[in-house]
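This report refers to the structure that appears directly beneath it.
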Amino acid sequence: MTRRLSREKLVIATHNSGKLKEISALLAPYGVDCVSAAELGLPEPAETGITFIENALIKARAAAKAANLPALADDSGLSVTALGGRPGVYTADWAERQWFENEAAKKNAGGRDWYMAMGKVEGMLCGIGAHVDRSCWFSCVLAIAWPDGDSATYEGRADGTFSWPPRGEKGFGYDPVFVPSGRDLTFAEIDPEEKHAISHRADAFAKLVAEQFGS
């Protein structure tokens, strides 16, 4: 039987304010008391995995161990069909301004440049040709870890099209260039409530809710 979360405090293992806001909003109806890794001053572990599942578990387990509380981590990314699924698990890396010797040096340099990352994808697509396939998808893995080592993972996906130029200011990351299937607006243009209903994170979260909070 899958272990279930209690209504005790849950660490959201992220230092990304946009991701924290989105996950907290999804958890709000279930009465879970959330606190972020950033609020607790927890370090960000090196994401050395080669899959979304591996990286999500790395983050969740590190936070659970450090805080001695259950922890929820997300690992997500954009995959572009014409680029062979890239950037995929390296989505955030494409937004790095440069490589740094350590995490402290990265923070001092100001973090990530998402417009640069989106422009890199666009440049590669343009290099393939005018009629390039612009289909893409967002993937999300949510991992729960307990201090004693137990864990569970949930996978979600949202399909769409890579659009240029970026549009909208309501999202974060690659949201301004992602138009979900069947829609005309990007994830950064639609209301957050609507995005919560159709996003890759919402898909993964629905599976988590069914197992963790369902009857």
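FYI, it's all coordinate maths here, none of it is from the lab. Given the structure is predicted, the values throughout are model-derived calculations rather than measurements. Glycine gets a Cβ as well: all are built from the backbone with ideal geometry, and neighbour counts include every protein chain shown.
The mean sequence separation of alpha-carbon pairs under 8 Å and at least six residues apart, normalised by the residue count of the chain, gives a relative contact order of 19 percent.
Highest mean packing first, where packing is the average number of other Cβ atoms within 10 Å per residue, the peptides 42-48, 197-203 line up as 197-203, 42-48. Rounded to the nearest 20, the size of the Cβ-charge dipole of the range 154-215 about its Cα centre is 100 debye, with Lys and Arg at +1 and Asp and Glu at -1.
Based on C-alpha pairs under 8 angstrom that are at least 6 apart in sequence, the range 141-215 has a relative contact order of 32 percent. Diffusion coefficient (Stokes-Einstein, Kirkwood radius over C-alpha pairs, 25 °C, 0.890 mPa s) for the range 122-215: 166 µm²/s, rounded to a whole number. Legend: translational diffusion of the chain by Stokes-Einstein, Rh = Kirkwood radius over C-alpha pairs, 4 °C, 1.567 mPa s; D = 73 µm²/s.
Picking from A37, V132, W164, whose Cα lies most toward the positive end of the charge dipole for the chain (charges on Cβ: Lys, Arg +1; Asp, Glu -1)? So the residue we want is A37.
The count of lysine pairs in the chain whose Cα atoms are under 15 Å apart, excluding pairs fewer than 8 places apart on the same chain, comes to 7. Of the GluC sites (Glu not before Pro) found in the range 138-215, those in coil by DSSP whose Cβ has at most 13 other Cβ atoms within 10 Å are E169.
Note on the chain: with charges restricted to the Cβ of Lys and Arg (+1) and Asp and Glu (-1), its dipole about the Cα centre is near 120 debye.
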